[in-house]
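Read through the structure below, which is laid out as structure tokens, and then see the notes.
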Amino acid sequence: MNKVRVRFAPSPTGFLHVGGLRTALYDYLYARKTGGDFVLKIEDTDRKRFVEGAVENLIKSLDFLGLERDEGVFMKDVASEFENEKIVDSKNYPGIIEVGEYGPYIQSEKLEVYKKYAEQLVKDGHAYYCFCEPERLEEMRKEQQARKSPPLYDQYCLRNVTPEEVNKKLKENCLYTIRLKIPKDETIEFEDMVRGKVKFDTNLVDDQVLLKSDGFPTYHLANVVDDHDMKITYIIRGEEWLSSAPKHLLLYRYFGWEAPRFAHLPLLLNTDRSKLSKRQGDVAVEDYIKKGYLKEAIINFVAFLGWNPGGGETQEIFTLEELADRFDFAHVHKGGAVFDLKKLDWINSQWIKRISLEELYSRSLEFWKEKEFYKEWIARYETRNMKHEAQEAENYIKKVLEVERERLQKLSEVGESNRFFFAEKLNYDKKLLSWKDMPDEELRQSLARSAEIMENIPKGDWTRENLEKELMAACEKYYKTQDGKINRGSLLWPLRAALTGEQKSPSPFEVAWVLGKEESLKRINKATELK
Ligand code: GLU
């Protein structure tokens with residue numbers, strides 16, 4: 001058996017989007033699962049749609065997400081990781097290197113190769129020169145539309161231009177394309193790893209342009225030539241390429257090359273089952289990161305867009321390694337995969353709970369820094385000019401995160417629903433403090449009890465557990481009703497309200513723990529003074 005070799009072959013027409021990521025991820029998973037190679041090549045023959053910076057963005061996004069490749073294009077700064085491999089600088093993209101023996105891995109760098117192959121096909125009678133001008137093709141298309149016949153090239157040049165005329169036109173430097181000659185009345189059949197047996201009637205396949213008049217190959221020719229050059233064994237790509245497969249298979253046949261196997265992945269759909277498009281919502285992976293989704297969650301979510309572990313598995317949270325272990329094509333489905341943002345939010349909330357506090361802190365820092373309440377708080381903190389202020393601020397944020405991570409869906413939400421942690425002064429109405437319209441005297445007593453309990457907890461024992469233990473004991477002691485029920489609200493509501501100034505918040509134990517002894521007592525004191 002040949003070694004499995006898969007490739008991700010993006011066109012730099014935009015930044016990495018969710019569909020592209022899904023393809024790259026399945027490539028990665030399949031390569032890891034089978035001990036194969038994962039190659040990154042760049043299909044940049046469509047110069048009209050080329051987007052500046054897209055190649056670099058694609059590489060960096062894959063790096064960021066941890067989808068490591070074995071071969072192909074890389075940023076120059078990782079060159080030292082490939083000691084024993086052939087490395088060349090990309091001719092067309094400064095800062096990018098190509099690693100491996102089957103390059104160039106960038107199509108715009110091997111135009112001569114494609115041209116040679118296109119001419120070879122003409123010589124062998126599998127392709128032909130076409131001199132039709134755009135106006136004629138346009139005319140032809142309009143007629144076809146009117147007749148409602150399939151939009152196929154009418155083979156005018158194949159039938160009407162003699163070899164002598166071809167030579168003459170070439171000598172005169174007439175503009176030309178080279179078209180693939182599709183055989184008539186044939187069925188092209190192949191076994192797709194996702195869709196099973198797929199058949200195409202060649203009478204409905206167009207005589208595809210292989211070489212354009214600007215000398216650039218089309219995607220179809222370049223794709224086949226370099227997948228062959230790179231010894232690719234499995235082509236994993238989106239369903240939108242399925243109709244290209246018969247053209248590609250014919251090319252493999254005409255060149256006398258063994259064709260790789262194909263896996264066409266299901267379309268991505270919106271929740272209303274319409275096709276997921278760039279216009280409907282942002283689908284660039286970078287945008288999701290900017291919105292506060294974790295890379296682990298994005299990977300986890302995208303893996304399930306068209307695949308599941310099968311076998312009645314109920315586990316939904318998987319690391320990249322676990323996915324590589326479980327992935328197979330038997331469980332990739334044919335039907336469209338619905339892109340459900342709610343599901344992504346849920347998976348993200350699960351991952352926020354899973355990563356270490358250290359990670360959560362460092363990854364959320366950029367989001368904190370954008371927020372006004374944080375900026376004001378940290379400025380006050382810094383003017384205190386304490387020796388350990390930076391460390392203290394960090395510890396404080398980590399405590400807030402420990403309390404918040406249970407409820408957070410996105411990193412961008414940090415602190416938002418708990419701004420009272422950062423307020424210099426709380427602003428609330430005295431009425432908020434009172435539990436079930438308790439009279440003033442009772443309220444005062446309740447707050448005094450909380451304060452007393454807290455005074456008695458030494459700073460070193462200021463933990464959530466101790467606060468809960470002591471305060472719950474007090475509830476039992478002071479607020480047990482005659483029928484044996486404990487009226488916790490009488491102690492805990494005024495305390496929580498005094499600490500937060502809010503209707504809703506985490507428990508008073510958690511809040512007091514984060515605020516610390518001094519600030520908690522200060523806030524209780526302020527509450528007592530409210531008129
Ligand atoms: N360049 C194509 C794309 O952008 C790749 C298709 C393929 O994998 O063959 O999707």
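The values are calculated or read from the model by the stated rules, or taken from the named source; none is laboratory data. This structure is a prediction, so every number in the text was calculated from the model and none was measured. Counting neighbours? That spans all protein chains shown, and the Cβs are built from the backbone with ideal geometry, glycine included. Surface areas here come from the heavy atoms of the whole protein model, side chains and all, with no ligands, DNA or RNA. Shrake-Rupley method; radii C 1.70, N 1.55, O 1.52, S 1.80 Å.
Structure notes:
- Residue within segment 489-504 that is over 29 Å from A379 (Cα atoms) and open to solvent by 50 Å² or more (accessible area, probe 1.4 Å) present: yes
- Test: residue in segment 176-192 that is within 14 Å of the ligand (Cβ to nearest atom) and closer than 30 Å to A337 by Cα: yes
- In segment 236-264, residue nearest to the ligand (Cβ to nearest atom) [restricted to those that are open to solvent by less than 10 Å² (accessible area, probe 1.4 Å) and farther than 21 Å from L40 by Cβ]: A245
- Candidates K343, K295 - the one that is open to solvent by 60 Å² or more (accessible area, probe 1.4 Å), farther than 14 Å from L268 by Cβ and basic (K, R): K295
- All conditions in (1) at positive phi; (2) under 43 Å from the mean Cα position of the chain (by Cα) hold for G484, with the sole exception of (2).
- Set D214, D227: member being open to solvent by less than 40 Å² (accessible area, probe 1.4 Å) and of a type in the set (D, E): D227
- Sub-6 Å Cβ pairs linking a first residue in segment 235-255 that is more than 16 Å from L210 (Cβ to Cβ) and basic (K, R) to a second residue that is near the ligand (Cβ under 8 Å from one of its atoms) and open to solvent by less than 30 Å² (accessible area, probe 1.4 Å), at least 6 apart or interchain, are R237/T23, ordered by first then second residue.
- Listed conditions (1) under 18 Å from K517 (Cα atoms); (2) in contact with a Ser or Thr (Cβ under 7 Å, 6 or more places away or on another chain); (3) not hydroxyl-bearing (S, T, Y) are all met by L426, apart from (2).
Residue-wise test of (1) under 17 Å from T177 (Cβ atoms); (2) open to solvent by 40 Å² or more (accessible area, probe 1.4 Å); (3) not hydroxyl-bearing (S, T, Y).
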{"site": "Y93", "(1), (2), (3)": "no, no, no"}
{"site": "I97", "(1), (2), (3)": "no, no, yes"}
{"site": "S108", "(1), (2), (3)": "no, no, no"}
{"site": "L121", "(1), (2), (3)": "yes, no, yes"}
{"site": "Y129", "(1), (2), (3)": "yes, no, no"}
{"site": "R147", "(1), (2), (3)": "no, yes, yes"}
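- Top-ranked residue of segment 92-129 - restricted to ones that are small (G, A, S) and assigned to a helix (DSSP H, G or I), ranked as modelled with the lowest pLDDT: S108
- Criterion (hydrophobic (A, V, I, L, M, F, W, C), closer than 22 Å to G103 by Cα and either within 16 Å of the ligand (Cβ to nearest atom) or not in a helix (DSSP H, G or I) (or both)) met by exactly one of L21, L58: L58
- Members of segment 10-27 that are within 15 Å of V73 (Cα to Cα) and open to solvent by 20 Å² or more (accessible area, probe 1.4 Å): S11
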